[in-house]
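Okay, structure first, notes after.
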Amino acid sequence: MAARSPKAGEAPHPSAPTVAKLRMRYAKRGRARFSSHRDIARTMEWTLRRAGVPVALSHGFSPHPKLSWIGAAPTGAASEAEYLEIGVTEDLDPALVAREVDAVLPEGLAVVECVLAGPGALADRIDASRWEIETPGVGDDVLASAVAAFVAAREVSVERLTKNGPRPLDVRAAVAELVLALTRTDEPTEGGREDRARAATCGRLTAVVRHTTPAARPDDVCSALRAVAGLEFPEPVRATRRAQGRLDERGELIDPLAADRAAPTA
Amino acid sequence: MVESVFESLEPLLPRVRKPVQYVGGERNAGTKPWDSVPVHWALCYPDAYEVGLPNQGLMILYEVLNERSDALAERTYAVWPDLAALMREHGVPQFTVDSHRPVGAFDVLGVSFATELGYTNLLSVLDLAGVPLHAAERDTSHPLVLAGGHAAFNPEPIADFVDLVALGDGEEVVGEITEVVKIAKAEGLDRRRTLERLAGVPGVYVPGLYEVTYGEDGAIAAVTPTSDAAPARVHKRTTSDLDDWPYPKQPLVPMAETVHERMSVEIFRGCTRGCRFCQAGMITRPVRERSPQGVGEMVEQGLKASGYDEVGLLSLSSADHSGIGEIASSLADRYEGTGTGLSLPSTRVDAFNVTLAEELTRSGRRSGLTFAPEGGSERLRKVINKMVSEEELITTVSTAYEHGWRQVKLYFMCGLPTETDEDVLQIASMAHEVIRAGRRAAGRGDVRATVSIGAFVPKPHTPFQWAGQTAPEVVDARLRKLREAINSDRSLGRNIGLRYHDGQPSMIEGLLSRGDRRIGRVIERAWRDGQQFDGWSEYFSYERWVAAAASELDGVDLAWFTTRERGEHEILPWDHLDSGLDRGWLWDDWQDALAAEEQDDCRWTPCFDCGVCPTMGTEIQMAPPGSVSLPLTPVEHRTSTPVRNPAFAADRSD
């Protein structure tokens, strides 16, 4: 058994060069929302191996796959708009990658879209999120007055536990928009009566939140409503990130992959 | 129809630590409709999900049972106190993570005990499931509670809490139990009749069908069957041809972080090295090797199904597989440049072990190598039958340092039979010599060694089953002296790390290991006083256990069960449970140990009549020589996966 010894600090085989970067939008749904970012990252690495996607490896003594993560929904929150960049060593059809990876993801995780990265950094195209927050036990009518109080306030500070201890966080400054989601944009509008009945017992908010440091999370928005209007949530709220992107002057989020889709293919 | 409890569990999850461990949905997990099969198994590992999920035994039985058309199997794990309190408050019962069905609705609750430290968690699981703690109080509406695993070779301490015990390998017996349960359900048998039928399955022990009486000296007077259906002795089961059992085929891949995140392949079962302290080596005889081809196929299929980036070639002493050299080279060839790490847990102290490790780490990390001399002095190593000379150890570690490793770990035990302070202090001089030799071999000063020591616990079915356990104060005092001795030479001591756990938990492990049915009351008392998760230092309370033993034991005490040496003719609580080892041979081996006489490995030398093969009708199975032939794709350059997806291959050719 002849073994080759690598020199210290050097991988024995250089990684194949990165020929392309893919940008993937994926969703975390249902019970998968209880996974943390670390859980997702580990799962995605194994999933890409299962799918046979040739991911580039970093150089150095302990090479790791070239994956970069843009933000990450907190543990407990669902999301339809998480983003991941993947360096690959071969030219691959992004739609095929989307299909093959989606086929071997665990239950609750799904690929929404995969595109070839055009010029520019993805991180520069994302500075805000749109969240949908369901509030079981708190109806729309109760929510409405709390939202009005929040919007009218100049500052709503909540305490947030960070690595460096508790820190005040001005949620009002981070929130660009907070409204009742009276009609759901992602579902057909029929069955309006049923929707109204549910709204009486489980309210639904839409919040557009700027990515500040530390980030204001859906929990913080609820804490802010508690602080500003004494609102109590008898059951845990359910948050879903609907979109991420750059907030334009009209208060809309620009799809961060739009520029890549428009870019001429390499 | 049995409904999922997920809807009532879900609102509790945002309020607990690491909720992902309770949601299931692992890759390769599957569920079946409840009414599609007659027999429902809940398989339990009585520790936290992060420890239990990777357990190979449970994963194997999960797959074996689910492949049957007449059974389904789901998994359940111990619930941490934060969620358990919320579940009690909201009336949510112990559930399976697969379909979140209540555990109390299953026909069989199979619990795998790798260690005795899971006993209190068994009570937590039963209690949360709404199943009566005592087997005698259960009726046909309750699951049959079945214990298995190594610790179940002396199930007497939990005899009150379990209905059944399966001795030995589980692959075949779970099918036979399924058959009996299916018939019992169809015939509408009552619990007693069902248990009597099950007592007829080879390897199945029904504690409730035996009566234990005690003599005036506190020892057992007799163990007597109370039913004609109960055999006087129950013999363990042995799975013969590992190639017929290539499980797990579809390893479970959790989203939650767990303690072993790798694709594990058991390359052989059993061990005949004859280390006298090692219960696993004694109760799993004889050696049965998986063929190199079988190993290769399992690795290939398992990596494809799991996506794991590490493969563990598991067994009790993996370097001892007769074809390990070929297995290591061919796997290293196959997976080089695919981002796949290969590891082989082996602590053998010889140069071959270093060569193997070198081969397996060809393209990657060389973090540390582990060697286990186990005993500090040459004399003590003869007592425990771990035949390693100091010279061999020094040569071996020198080779390791020479070939690029900067760190070695050395495993020892403290509190071994006949041990003196001097035996333990010799670990210090050995470690000093390791550093000196390492510096010479590596040509640099920064080599490191870690000495890791555990307190020895005498176990049933080993030659040391008669030994007196060393008291925790003695163990702790020896370890303090060892620390001083290691640091007596500052220039060497600073490169040596010492890791040890204090002796108290081992004392309780000793009580649970060699206890009899009277220990059941102690376990229940400790649990009622709040004891659970005994393997976790933050939950373990020695004082609580000592108090429980003091309040529940009468005429005998903690010391009687632990530090007391047993005589040749004392009836041991597990004597009616047959691991195949001849009692006379065990006693002779104990006497040889006391005389520091060694015993060879019967794989390479003639049979020394331990009794297992003739009693069990088994034999040593060596793999046919040969290497692993795998589809070798030339790897032009390093990539991140061993999987060639044909979909992309088609795309490539465009």
Could you calculate the FRET efficiency of B:Arg483 with B:Glu422 from 1/(1 + (r/R0)^6), where r is the beta carbon distance between them and R0 is 22 Å, rounded to 0.05?
0.90
Using only the Cα atoms of segment A:47-101, build the gyration tensor, take square roots of its eigenvalues as a ≥ b ≥ c, and label the shape rounded, prolate or oblate: rounded if a/c is under 1.5, else prolate if a/b is larger than b/c, else oblate.
oblate
If you take every DSSP beta bridge whose two residues both sit in segment B:227-385, what share of them, in percent to the nearest 5, is antiparallel?
20 percent
Just report the Cα centroid separation between segment B:330-389 and segment B:195-253, whole Å.
36 Å
So how do B:500-512, B:223-235 stack up, highest first, on mean other-Cβ count within 10 Å?
B:500-512, B:223-235
Counting only other chains, and only Cβ atoms inside 10 Å, what mean value do you get across the residues of A:136-146?
0
Distance in nm between B:Arg440 and A:His64 label points, each 7 Å along Cα→Cβ, equals 4.0 nm
Using only the alpha-carbon atoms, what does segment B:298-365 span along each of its principal axes? Please give whole angstrom values in decreasing order.
33, 22, 18
Dipole of the protein assembly as shown, positive direction: furthest Cα of B:Phe464, B:Pro93, B:Pro19, with charges on the beta-carbon
B:Pro19
Cysteines (scope chain B) whose Cβ has no counterpart Cys Cβ under 4.7 Å:
B:Cys44, B:Cys271, B:Cys414, B:Cys602, B:Cys607, B:Cys610, B:Cys613
How much length would be gained if the chain were fully extended between B:Asp601 and B:Ser389, taking 0.36 nm per residue of separation minus their Cα-Cα distance, in nm to one decimal?
74.7 nm
So, relative contact order of chain B in percent, Cα under 8 Å, 6 or more apart, is 15 percent
Going 7 Å from the Cα of B:Tyr411 in the Cα-to-Cβ direction, what parts of segment B:455-486 have a backbone nitrogen less than 17 Å from that spot?
B:455-459
Can you give me the long-range amide H partners of B:Asp578? Hydrogens built in the peptide plane at 1.01 Å from N, cutoff under 5 Å, separation of 5 or more residues or another chain.
B:Val234, B:His235, B:Lys236
Just how much of B:Cys613 is accessible, in Å², when a 1.4 Å probe is used and the result is rounded to the nearest 10?
50 Å²
Tell me the accessible surface of B:Ile427 in square angstrom (1.4 angstrom probe, heavy atoms of protein chains only), to the nearest ten.
0 Å²
Skipping prolines and chain starts, which residues have an amide H placed within reach, meaning under 5 Å, of the one on B:Ser322, given they are 5 or more residues away or on another chain?
B:Ala623
Percent antiparallel among DSSP beta bridges with both residues in the protein assembly as shown, to the nearest 5?
55 percent
Ordering A:238-250, B:27-39 by per-residue average of other C-beta atoms within 10 angstrom, highest first, gives A:238-250, B:27-39
Roughly how many whole Å is it from the C-alpha centroid of segment A:13-56 to that of segment B:478-530?
42 Å
What is the helix-to-structure angle for A:37-51, meaning the angle in degrees between its Cα long axis and the longest Cα principal axis of chain A, kept from 0 to 90 and rounded to the nearest 10?
40 degrees
Might you report the magnitude of the Cβ-based charge dipole of segment A:20-117 about its Cα centre, with Lys and Arg at +1 and Asp and Glu at -1, to the nearest 20 debye?
340 debye
Calculate the dipole size of the protein assembly as shown relative to its Cα centre from +1 charges on Lys and Arg beta carbons and -1 charges on Asp and Glu beta carbons; express the result in debye to the nearest 20.
2700 debye
Ordering A:158-170, B:256-268, B:150-162 by per-residue average of other C-beta atoms within 10 angstrom, highest first, gives B:150-162, B:256-268, A:158-170
On the first, second and third principal axes, largest extent first, how far apart are the outermost C-alpha atoms of chain B in Å?
80, 73, 52
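Which whole-number value in Å³ per residue fits the convex hull of the alpha carbons of segment B:397-506?
103 Å³
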To the nearest 10 degrees, the tilt of helix A:192-201 (Cα long axis) against the first principal axis of the alpha carbons of chain A is 80 degrees
Taking the Cα-to-Cβ direction at B:Phe352 and at B:Asp35 and moving 7 Å from each Cα, how far apart do the two end points lie in nm?
5.9 nm
I want to check the label-to-label distance for A:Leu182 and B:Asp575. Put each point 7 Å from Cα in the C-beta direction and report it in nm to one decimal.
8.5 nm
Once amide H atoms are placed 1.01 Å from N in the peptide plane, what residues at a sequence separation of 5 or more from A:Ala176, or on another chain, have their amide H within under 5 Å of its amide H?
A:Val208, A:Val209, A:Arg210
Shielding by partners, peptide B:48-61 (average Cβ within 10 angstrom, other chains):
0
When all Cα-Cα pair distances of the protein assembly as shown are considered, the percent exceeding 46 Å is 35 percent
Under the definition of partner shielding as Cβ atoms of other protein chains within 10 Å of a residue Cβ, what is the mean value for peptide A:85-97?
3
Compute the FRET efficiency between B:Asp228 and B:Asp529 as 1/(1 + (r/R0)^6), taking r as their Cβ-Cβ distance and R0 = 45 Å, and round to the nearest 0.05.
0.65
Helix A:94-104 versus the longest principal axis of chain A: what is the Cα-based angle in degrees, 0 to 90, to the nearest 10?
80 degrees
Among A:Ala197, A:Ala78, A:Ala146, the residue with the largest mean-square fluctuation in a Gaussian network model of chain A built from Cα contacts under 10 Å is A:Ala197
Count the DSSP beta bridges whose two residues both fall in chain B, then state the antiparallel fraction as a percent rounded to the nearest 5.
20 percent
Could you give the size of the charge dipole of segment B:410-546 about its Cα centre, using +1 on the Cβ of each K and R and -1 on the Cβ of each D and E, expressed in debye and rounded to the nearest 20?
360 debye
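The values are calculated or read from the model by the stated rules, or taken from the named source; none is laboratory data. Just so it is clear, the model here is predicted, and its values are computed rather than measured. In this analysis, Cβ positions are derived from the backbone assuming ideal geometry, glycine residues included, and neighbour counts consider all displayed protein chains. Side chains included, ligands, DNA and RNA excluded: accessible areas come from the protein's heavy atoms. Shrake-Rupley method; radii C 1.70, N 1.55, O 1.52, S 1.80 Å.
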